[in-house]
Amino acid sequence: MHTNFINREKIKIKEAQVKLLTSGWGIESYENSIVEKITYNSDELKVKGYLAYPKNMEMNKKYPCVIWCRGGIGDQGAIDAFNARGIFGQLASWGYVVFAPQYRGNGSGEGKDEFGGGDIDDVLNLMPLADELQFADTHNWGIEGWSRGGMMTYLTLTRTNKFKCAITAGGIANLHCNAEESKFMKRLYKMSMGEYETNDFKKKCESRSIVNFPEKLSESTPLLIMHGTDDNRVLPHDSLDLAYKLQNLNRTYRLVMLEGGDHFLRKHRREVDELRKMWFEKYLK
C-alpha cells in the first residue's frame, strides 16, 4: 500500500521545559495532545513537518483538520520541537488534527525553499496524509498562517476551495511594498529570491503578492485577517489593502487590527487565541 507518510516520531520534551511550555500555551496544550515529527512525500521530495492530534479521542469520532503554515525561511522562523509541542499541542487540545510543513529544504528535508514557489505543493500535499488517519475528518479543513505563512495561506487558497475557513496573522500580502519599506523583509527576500529590483525579483514579487490577484482566492473560504498596528516587519497596510480589495469583491472576511501589536502580537496573545478558536469553531465544528 502506498503511503504519503515516510516517518512519524513522537516529540518528547525535557521535564524542565514542561513548566515553561504550560505557562506559554496552557496545561491543556501539554496534557491533552500528542505532537509528532513527520517526514512525508511532496513532489518526489522528502519534506519535514509536524502532526498533532487530541490525546484522548472519542471512539469512532473524526476530528476537523487544520494546516498551520510557519513564517520565515530556512532556519529563520523554523519551528523547533519545543515550540511545536506548544503551538500545535494547543490547536490539537482544541479538538483538531494539525498538519504543519517546514517546507522543502528545511529541517534536513530535501529540495530548496522557494518562498512561495513550488513549496506551495508542500502545503497541499499534507492533505492526503489525513486519509491515513482514521480519526481525521478529511472533508473538514481549515488553514492558518503567520507572516510568510500568511502568504503561503493566501497562495494555497488560490489553488483549492477545500478549506472551510482560513486565518492569517501579520500575513504578507504585498512583497514589493514590504521590500521597499521594511529593512528586515528586504534582507529576507534577498535570501530567498535574489537581488532586489532585478526583473526576476519583480516577477516573483508579483506572482506571490495576493493584492495583485485577490479575485483568485477561494470564494467559499471565510478569512480572518489579524495584524498589529505597530508591525514594522510585515507592514499593517498589507492587511488593510487586502481587506479593501476583499470588500470590493464582496468576500466573507473579518479584519482585526490590534492596537500597538508587534509582528508577533505578543501583547495580544490571549485575545488572538480567542479569535482563532472562535473562527475555527464557527466554521469547522
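The values are calculated or read from the model by the stated rules, or taken from the named source; none is laboratory data. If you're wondering where the values come from, they're calculated on a predicted model, not measured in any experiment. Cβ sites come from the backbone with ideal geometry, for glycine too, and all protein chains shown count toward neighbours.
Pairs meeting the criteria (first residue in segment 54-79 and free of Cβ contacts under 8 Å to residues at least 40 places away in the same chain and under 30 Å from Leu155 (Cβ atoms), second residue crowded, with 17+ Cβ neighbours inside 10 Å and among the aromatic types (Phe, Trp, Tyr), beta carbons under 8 Å, at least 6 apart or on different chains) are Ile79/Tyr50. Pairs please, first residue from segment 101-118 and without any contact (Cβ under 8 Å) to a residue 60 or more places away in the chain and among the aromatic types (Phe, Trp, Tyr), second anywhere and crowded, with 19+ Cβ neighbours inside 10 Å and not in a loop (DSSP other than H, G, I, E, B), Cβ atoms under 6 Å, 6+ apart in sequence or on different chains. Listed pairs, sorted by first residue: Tyr103/Asp122.
How about segment 29-75: which of its residues are among the basic types (Lys, Arg) and over 14 Å from Gly89 (Cα atoms)? Lys46, Lys48, Lys61, Lys62, Arg70 - these are the residues of segment 29-75 that are among the basic types (Lys, Arg) and over 14 Å from Gly89 (Cα atoms).
Rundown of residues vs (1) out of contact with any helix residue (DSSP H, G or I) (no Cβ under 9 Å at 6 or more places or on another chain); (2) part of a loop (DSSP other than H, G, I, E, B); (3) closer than 22 Å to Asp273 by Cβ, yes/no style:
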| residue | (1), (2), (3) |
| --- | --- |
| Lys61 | yes, yes, no |
| Trp68 | no, no, yes |
| Gly71 | no, yes, yes |
| Arg85 | no, no, yes |
| Leu91 | no, no, yes |
| Phe99 | no, no, yes |
| Tyr103 | no, yes, no |
| Gly109 | no, yes, no |
| Asp131 | yes, no, no |
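When residues in segment 216-270 are screened for being of a type in the set (Ser, Thr, Tyr), more than 18 Å from the chain's Cα centre (by Cα) and either surrounded by 15 or more Cβ atoms within 10 Å (Cβ to Cβ) or assigned to a helix (DSSP H, G or I) (or both), 1 of them pass. In segment 128-140 there is no residue that is closer than 30 Å to Leu175 by Cβ, touching a Gly at 6+ places or on another chain (Cβ under 8 Å) and modelled with pLDDT of 95 or more.
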